[in-house]
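The values are calculated or read from the model by the stated rules, or taken from the named source; none is laboratory data. All of these numbers come straight from a predicted model, not from anything done at the bench. Cβ placement follows ideal geometry from the backbone for every residue including glycine, while neighbour counts extend to all protein chains displayed.
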Amino acid sequence: MYPAQLAKRALVSVLLGLARIYNLDSNLTRDSPDADVKKAFRKVILKLSLRVGPNTIRKSTPPGRKFLGN
């Protein structure tokens, strides 16, 4: 199997996991066409960006780390 195919299969696994966490419908498989993977990626990113926006960033940081936001 080619490295690009392995990377795509890994991406699909991550997308399926995120879709399960965020309760998104996904009929994606590891052998899905690239267009379906791209559509699922956009759906997950849109959902994630709505949940983690500029107003939801934590102002507290773990010890030893600097906060880089406003």
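Filter the range 8-26 down to the residues that are touching a helix residue (DSSP H, G or I) at 6+ places or on another chain (Cβ under 8 Å) and assigned to a loop (DSSP other than H, G, I, E, B), then identify the one that is surrounded by the most Cβ atoms within 10 Å (Cβ to Cβ).
Filtering the range 8-26 for residues that are touching a helix residue (DSSP H, G or I) at 6+ places or on another chain (Cβ under 8 Å) and assigned to a loop (DSSP other than H, G, I, E, B), the one surrounded by the most Cβ atoms within 10 Å (Cβ to Cβ) comes out as S26.
Would you call R58 out of contact with any Pro (no Cβ under 6 Å at 6 or more places or on another chain), exposed (fewer than 11 other Cβ atoms within 10 Å of the Cβ), at pLDDT 85 or above and of a type outside the set (G, A, S)?
no
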